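A.B. asks: Please find one structure pasted underneath; my questions will follow.
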Amino acid sequence: MALKLDDMTQVLQETTRRGVGSRRWQKPVYRHFLPPCNHACPAGEDIQGWLALAQAGEYEKAWRALVANNPMPAIHGRACYHPCEGGCNRGELDSPVAIHAVERFLGDLAAETGWQVSVAPATGKKILVVGAGPAGLSCAWHLARMGHQVEIRDAAEQPGGMMMYGIPAYRLPRDPMNKDIARITGLPGVTLRCGQRVDDVVRAKQEGGFDAVFVGVGAQLANRLNIPAMDGRKMTDAISMLGAVSRGGRPALGRVVAVVGGGNVAMDAARTARRLGATDTVIIFRYDPQHMEALPAEAAEAVAEGAKVRWLSVVDHFGADGLVVEKVTMNPDGSVTPTGETERLAADAVVLAVGQHSDLGLLADAVGVKVQKDGTVAVDAELMTGQAGIFAGGDCIGGARTMTTATGHGKLAARAIDAWLAGGTYEHPASHPLVRFDMLHLPDYRDAPRSVQAERPVAKRMGFDEVDAGLDARHARYEAQRCLSCGNCFECDNCYAACPEQAITRLGPGQGYAVSMDLCTGCATCFEQCPCHAIEMEPEPAGQDSAPAPSGFKVRA
Ligand SMILES: Cc1cc2nc3c(=O)[nH]c(=O)nc-3n(C[C@H](O)[C@H](O)[C@H](O)COP(=O)(O)OP(=O)(O)OC[C@H]3O[C@@H](n4cnc5c(N)ncnc54)[C@H](O)[C@@H]3O)c2cc1C
Ligand code: SF4
Ligand code: SF4
Ligand code: SF4
């Protein structure tokens with residue numbers, strides 16, 4: 001068929017048919033992702049959120065955002081093992097953001113300036129918290145902020161649990177710790193009763209007219225090993241020794257002290273023994289260096305302070321002939337086989353640091369509450385035990401057994417108790433997808449070495465003064481500015497400036513951006529220019545016209 005050149009109708013019809021010609025097949029969508037630091041924090045902090053505020057010098061807002069999840073920043077900024085930093089994407093670039101140091105700065109600043117928080121109107125509900133360790137304190141904080149009345153009972157003379165009677169003061173000085181704790185116990189609606197052991201949780205609940213109970217009794221009893229000790233040789237355990245030191249005692253251990261165990265507590269025992277006057281501290285550990293149980297940083301500090309490690313060794317006996325250790329070999333299942341080869345060490349005292357377990361006598365008559373074979377309390381996903389209204393968390397339910405995990409448990413239990421008191425079940429909010437380092441677009445970034453905290457020189461570490469110094473405001477802010485804001489927009493305007501079609505509009509500070517789908521061609525320039533992966537390209541629905549659709553979002557919604 002011949003075309004009539006003066007009539008273009010058919011050409012127009014052919015070329016404007018659906019699907020003919022250039023057509024957008026993908027579109028940018030602003031999204032929120034979960035940064036790996038937030039994901040790794042056992043207390044569930046929105047680290048990126050409070051770092052962003054600290055970057056801007058908004059310290060009080062940053063502290064408020066922090067304590068919305070963790071009420072003990074001065075404590076955690078010092079003694080948390082900071083798994084958040086192990087996950088930090090900046091570690092792939094140079095070194096992780098020193099999150100703990102900024103956290104400590106905010107915690108200390110809050111104490112200095114006296115920042116306080118408000119609580120919701122009273123609900124009329126009353127909750128008993130057994131144990132004033134990090135689990136109980138965290139639970140009390142969150143419950144009180146929801147408006148519930150909380151009574152904390154603790155058997156010890158001071159609150160804090162193992163933070164007070166375990167972690168040595170050279171890592172966690174008592175003054176900043178007590179200030180974090182006082183803010184919690186001083187909240188309206190919170191009563192703290194120390195020196196009050198709870199022997200029967202059900203009776204205490206009934207007699208006190210409590211609506212629910214949280215059990216956070218920790219794992220306070222030291223495990224023992226069957227080591228024959230003859231001739232009155234001094235054998236103790238790390239929990240008793242560190243507890244005595246925290247209470248102001250100075251146990252006489254002698255000049256040569258052997259510590260049995262290879263975990264973090266063993267490192268604290270060795271470092272404390274040195275401060276008590278030991279000239280030689282030897283750690284007896286049954287595994288090889290590749291299977292050290294202590295975190296590398298904790299072990300390195302102990303070694304820097306002079307501790308020596310006898311690897312692949314177990315204690316045979318401790319008597320007049322000194323401490324006799326036997327060499328072992330490791331088996332793939334974690335057991336060890338004695339070799340018969342022994343060695344004699346001239347030890348004055350042996351300190352056992354081979355784990356702890358819980359005293360759960362208070363739950364003996366609680367119908368439905370199950371204690372598992374490993375000596376931990378069985379709980380469901382909302383931390384409720386087998387008896388409705390009795391919740392548990394922290395070391396007594398097992399798991400990682402760190403103060404940060406206990407703090408996270410306390411928060412979760414508070415939310416679960418609140419939901420249960422209202423007749424419902426706590427629903428965990430769905431989390432955003434994780435943003436990995438390879439999802440970031442960082443063609444350019446500023447060299448910014450990690451801030452280093454000053455340390456007390458080893459030669460001057462004879463007492464219990466704090467070893468690590470904090471960061472000043474300038475360095476804390478600089479450190480916060482090293483954060484890459486992984487997975488969440490920080491309003492750098494890159495996308496806005498880079499769009500060749502000028503399809504992106506700024507909505508104003510904190511309001512995010514909108515993309516005009518009339519103008520957007522789906523070229524993905526904005527996506528490629530977004531350093532933190534806050535934009536994703538989504539395919540257009542197949543077989544449909546690219547109907548103009550506004551795409552807006554809010555920053556940190
Ligand atoms: C030496 C040492 C060093 C540590 N260092 C660190 C560290 O650097 N970082 C870290 O994250 N973790 C550390 N941990 C672990 C951390 O301290 C614990 O995981 C954490 O304290 C557990 O918190 P919790 O609230 O479950 O129990 P706990 O802290 O043990 O507190 C339990 C509380 O319950 C009270 N209680 C017990 N039974 C009763 C009862 N029947 N009635 C009333 N009160 C009762 C106790 O008196 C205690 O105050 C360390 C532990 C030790 C032993
Ligand atoms: S509590 Fe620990 S893991 Fe969480 S942000 Fe602080 S240092 Fe990191
Ligand atoms: S760079 Fe910032 S947001 Fe990303 S993981 Fe590290 S602290 Fe978190
Ligand atoms: S390019 Fe910048 S402004 Fe645009 S989404 Fe990413 S972080 Fe936000």
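The values are calculated or read from the model by the stated rules, or taken from the named source; none is laboratory data. Quick caveat: nothing in here was measured; it's all calculated off a predicted structure. When we count neighbours, we look across all protein chains shown, and the Cβ atoms used for this are built from the backbone with ideal geometry, even at glycine. Calculation scope for accessible area: heavy atoms of the full protein, side chains included, ligands and nucleic acids excluded. Shrake-Rupley method; radii C 1.70, N 1.55, O 1.52, S 1.80 Å.
A.B. asks: By how many degrees, between 0 and 90 and to the nearest 10, does the Cα long axis of helix 99-113 differ from the longest principal axis of the chain?
C.D. replies: The helix 99-113 is inclined about 80 degrees to the chain.
A.B. asks: Turning to a different aspect of this structure: If a/c stays under 1.5 just call it rounded; otherwise compare a/b with b/c (prolate if a/b is bigger, oblate if not). Do that for region 222-353, with a ≥ b ≥ c from the square roots of the Cα gyration tensor eigenvalues.
C.D. replies: Here region 222-353 falls in the oblate category.
A.B. asks: Hey, another quick one. Looking at the chain only, what percent of DSSP beta bridges run antiparallel? Nearest 5 please.
C.D. replies: Close to 45 percent.
A.B. asks: Can I ask one more? If you roll a 1.4 angstrom probe over the protein chains with everything in place, what fraction of the accessible area of the chain belongs to carbon and sulfur, to the nearest %?
C.D. replies: Here carbon and sulfur together make up 52 percent of the probe-accessible area.
A.B. asks: Now for a separate question. Report the extension gain between Thr505 and Ala182 in nm, rounded to one decimal, defined as 0.36 nm multiplied by the number of residues separating them, less their alpha carbon distance.
C.D. replies: Stretched fully, the Thr505-Ala182 segment lengthens by 111.5 nm.
A.B. asks: Between Ser516 and Met439, how many nm apart are label points set 7 Å from Cα along the C-beta direction?
C.D. replies: My value for the distance between the label points is 3.0 nm.
A.B. asks: If you average the alpha carbon positions of region 216-253 and of region 373-435, how far apart do those two centres end up, in angstrom?
C.D. replies: 31
A.B. asks: Turning to a different aspect of this structure: Mind ranking Arg461, Arg64, Arg344 by accessible surface for me, highest first, 1.4 Å probe?
C.D. replies: Arg344, Arg64, Arg461
A.B. asks: Something else now. Heavy atoms only, probe 1.4 angstrom, no DNA, RNA or ligands counted: give me Glu479, Glu501 ranked by accessible area, highest first.
C.D. replies: Glu501, Glu479
A.B. asks: Only loop residues by DSSP count here, and only those with at most 15 other Cβ atoms within 10 Å; note down the GluC sites (Glu not before Pro) in region 57-158 that meet that.
C.D. replies: Those that pass, being in a loop and sparsely packed, are Glu58, Glu157.
A.B. asks: Grab the DSSP H runs of the chain that are 4 residues or longer, score each as -39,500 (n - 2.57), total them, divide by all residues and round the 222 nm result to the nearest 500 deg cm²/dmol.
C.D. replies: -8000 deg cm²/dmol
A.B. asks: Moving on to the next point. Just by accessible area at a 1.4 angstrom probe, what is the order of Trp420, Trp115, Trp25 from largest to smallest?
C.D. replies: Result of the area sort, largest leading: Trp25, Trp420, Trp115.
A.B. asks: Then there's this: Given labels modelled 7 Å from the Cα in the Cβ direction, how far is it in nm from Trp115 to His39?
C.D. replies: 2.8
A.B. asks: Do the alpha carbons of any pairs in Lys61/Lys179; Lys126/Lys411; Lys179/Lys205 sit beyond 23 Å of each other, and which pairs?
C.D. replies: Lys179/Lys205
A.B. asks: Run the numbers for Ala400 and Asp374: contour at 0.36 nm per residue of separation, minus the present Cα-Cα distance, in nm.
C.D. replies: 8.0 nm
A.B. asks: Considering only Val190, Val256, Leu363, whose Cα is most displaced toward the positive end of the charge dipole of the chain, charges sitting on Cβ of Lys, Arg (+1) and Asp, Glu (-1)?
C.D. replies: Value computed over the given set: Val190.
A.B. asks: A further question on this structure: Quick one: net charge around Ala155, please, counting Lys, Arg +1 and Asp, Glu -1 for every other residue with C-beta under 15 Å from its C-beta.
C.D. replies: Taking every Cβ under 15 Å from that of Ala155, the sum is -3.
A.B. asks: Shape call for the chain from the C-alpha gyration tensor, a ≥ b ≥ c root eigenvalues: rounded (a/c under 1.5), prolate (a/b greater than b/c) or oblate?
C.D. replies: prolate
A.B. asks: Can you tell me the relative contact order of the chain? Whole percent, Cα pairs under 8 Å, sequence separation 6 or more.
C.D. replies: 20
A.B. asks: Let me ask you something else. Step through the residues of region 120-134 one at a time and calculate ³J(HN,Hα) from phi using the Karplus curve (6.51 cos²θ - 1.76 cosθ + 1.60, θ = phi - 60°), rounding each to whole Hz and writing x for Gly and Pro.
C.D. replies: These are the phi-based 3J(HN,Hα) values: 6, x, 4, 8, x, 8, 10, 10, 9, 10, 9, x, 10, x, x Hz.
A.B. asks: Angle check, please: helix 264-275 long axis (alpha carbons) against the longest principal axis of the chain (alpha carbons), in degrees 0 to 90, nearest 10.
C.D. replies: 50
A.B. asks: Related question: Over the chain, with the other protein chains present, what is the accessible area per residue in square angstrom, probe 1.4 angstrom?
C.D. replies: 46
A.B. asks: What's the ranking of 244-257, 39-52 by average number of surrounding C-beta atoms within 10 Å, highest first?
C.D. replies: In descending order of packing, they fall as 39-52, 244-257.
A.B. asks: Another question, if that's okay. Taking 0.36 nm per residue of sequence separation and subtracting the Cα-Cα distance, how much length would be gained by fully extending the chain between Asp333 and His428, in nm to one decimal?
C.D. replies: 30.6 nm
A.B. asks: Please report the accessible area of Arg310 (heavy atoms, 1.4 Å probe, ligands and nucleic acids excluded) in Å², nearest 10.
C.D. replies: 60
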